[in-house]
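Below is one structure, written out as structure tokens; the observations come after it.
The values are calculated or read from the model by the stated rules, or taken from the named source; none is laboratory data. Fair warning: this is a prediction, and the values are worked out from it, not measured in the lab. So basically every Cβ, Gly included, is an ideal-geometry build from the backbone, and we count neighbours across all protein chains shown.
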């Protein structure tokens, strides 16, 4: 049948290729043969293989599920940590916001408290001494006008020497003799002529200079003394003023704390006006507006409407209609000018009277300042006298007992004696102040080891001084005790 089929197909079909004898074909062939030969055995093998594959697939699925579960648990833990961190950050931010709100509320409360508080207006006036000194300085600054190179007006001039006084008298005579001589030639001629003068001719000018100098020094000394006294008085008054100001401020703070519960804030008071000052006169329009206001108020018009109506009516009026109001305004202005003239005159008189009182008060204060200065000088003199007496007493004690040990010099003084001698030999004729400066510089330039050597020398001298003082004190005490017992012994011997 196979051959027949092949014949029916004809030449259109190709011959089958030979199957290679490899492992796959052999296994397939064996399987086919086995299937053909024994179908029940084949079914058994297929079922066992399918079960093994299912178990392997199930094991792989379980492993995959376990891996996914562990991965999800890790992600969940990570999300939980991130959530806790975010919640912590939110809590911190809320805490910061809460603190800011509390601070803002506190500041607003303080601001309201400050706004409710009264303004501190001290009643302490500036000390009259300071104000008078400032006024004098302002007057000097206004009066000072420079002339030429650095010359200032209202400056106290020093007295001219005898030669200058003589030159002023002789200048015109020299110019008459030599009209064409310049300043240098005249000055040279005056100088040579002054040298040729005798002592008797120079004496009047020298006496005149002496008198002027004495008067100048007296005035300058008095001014200096008064300035020192006023400064002393100013310091005392400033201390008193500061104390009074502090007391007023403490009282103000206590009153402000007591009135803290009151929520009614007082309006800031306007600047006090002078009640005696005449009021400014009204213009013609305001005179007309004042006349029309009563009728418009009766019509129940408010202030803005009254101003608008009167303004429009005034613009529409003719010159003849405005004339009566302008006459009234002119009369009020003339009366105002008269009142202002009297007011200014009265103010000038008050200012002059106040200035006079200030001058009298200044004199009184100057006298008080001089008395205060005298007390201070007296106290200073007592202190100086006491110190001088103590020094004299110490000198007498030292001179009375030549056996008393002398206190040794310090390390710097020991160094200074040696270095000064060397510097004096190296630089003969140098001033004592220069030597002191050089010694100080050299002492500062010393190293620690060198300075320690001088300190050791001073320490040794101080130790020896202390030993000597102990011996001296002991001997002095024994001598005093022997002197005290000798009169008793002599009296018992005489008896």
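If the requirement is being at positive phi and surrounded by fewer than 12 Cβ atoms within 10 Å (Cβ to Cβ), which of these qualifies: 378, 385, 315, 300?
300
Taking residue 236 as the residue in question, decide whether it is assigned to a helix (DSSP H, G or I) and surrounded by fewer than 11 Cβ atoms within 10 Å (Cβ to Cβ).
no
Does the stretch 390-400 contain any residue that is closer than 30 Å to residue 476 by Cα and either surrounded by 11 or more Cβ atoms within 10 Å (Cβ to Cβ) or in the same structural domain as residue 228 (by TED's automatic domain parsing) (or both)?
Yes: the stretch 390-400 contains one or more residues that are closer than 30 Å to residue 476 by Cα and either surrounded by 11 or more Cβ atoms within 10 Å (Cβ to Cβ) or in the same structural domain as residue 228 (by TED's automatic domain parsing) (or both).
In this structure, is residue 225 in contact (Cβ under 8 Å) with a residue 40 or more places away in the chain, surrounded by 12 or more Cβ atoms within 10 Å (Cβ to Cβ), under 26 Å from residue 370 (Cα atoms) and in contact with a helix residue (DSSP H, G or I) (Cβ under 9 Å, 6 or more places away or on another chain)?
Yes.
Might you check whether a residue that is over 30 Å from residue 376 (Cβ atoms) and in contact with a helix residue (DSSP H, G or I) (Cβ under 6 Å, 6 or more places away or on another chain) occurs anywhere in the stretch 209-220?
yes
Is one or more of the residues making up the stretch 419-439 part of a helix (DSSP H, G or I) and within 30 Å of residue 473 (Cα to Cα)?
Within the stretch 419-439 (the criterion being part of a helix (DSSP H, G or I) and within 30 Å of residue 473 (Cα to Cα)), the answer is no, since none of the residues qualifies.
Using beta carbons and a limit of 7 Å, which pairs, at least six apart or on different chains, have the first residue in the stretch 431-459 and outside the structural domain of residue 416 (by TED's automatic domain parsing) and the second one outside any helix (DSSP H, G or I) and modelled with pLDDT under 85?
Hits for this filter: zero, empty list.
Can you run down the residue pairs with Cβ atoms below 8 Å, 6 or more apart or on separate chains, where the first is in the stretch 229-244 and over 13 Å from residue 368 (Cβ atoms) and the partner is surrounded by fewer than 18 Cβ atoms within 10 Å (Cβ to Cβ)?
If the second residue must be surrounded by fewer than 18 Cβ atoms within 10 Å (Cβ to Cβ), the pairs left are 238/130; 241/124; 241/126; 244/124.
Given 458, 475, 464, which one is in contact with a helix residue (DSSP H, G or I) (Cβ under 6 Å, 6 or more places away or on another chain) and surrounded by 11 or more Cβ atoms within 10 Å (Cβ to Cβ)?
After ruling out the rest, the residue left standing is 458.
Does the stretch 300-307 contain at least one residue that is touching a helix residue (DSSP H, G or I) at 6+ places or on another chain (Cβ under 6 Å) and modelled with pLDDT under 90?
Within the stretch 300-307, one or more residues are touching a helix residue (DSSP H, G or I) at 6+ places or on another chain (Cβ under 6 Å) and modelled with pLDDT under 90.
Results for (1) in a helix (DSSP H, G or I); (2) more than 30 Å from residue 277 (Cα to Cα); (3) within 55 Å of the chain's Cα centre (by Cα), shown as yes or no for each residue.
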{"position": "325", "(1), (2), (3)": "yes, no, no"}
{"position": "331", "(1), (2), (3)": "yes, no, no"}
{"position": "361", "(1), (2), (3)": "yes, no, yes"}
{"position": "377", "(1), (2), (3)": "yes, yes, yes"}
{"position": "380", "(1), (2), (3)": "yes, yes, yes"}
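Could you pull out the residue among 233, 217, 246 that is under 26 Å from the mean Cα position of the chain (by Cα) and outside the structural domain of residue 365 (by TED's automatic domain parsing)?
Every option except 246 fails the conditions.
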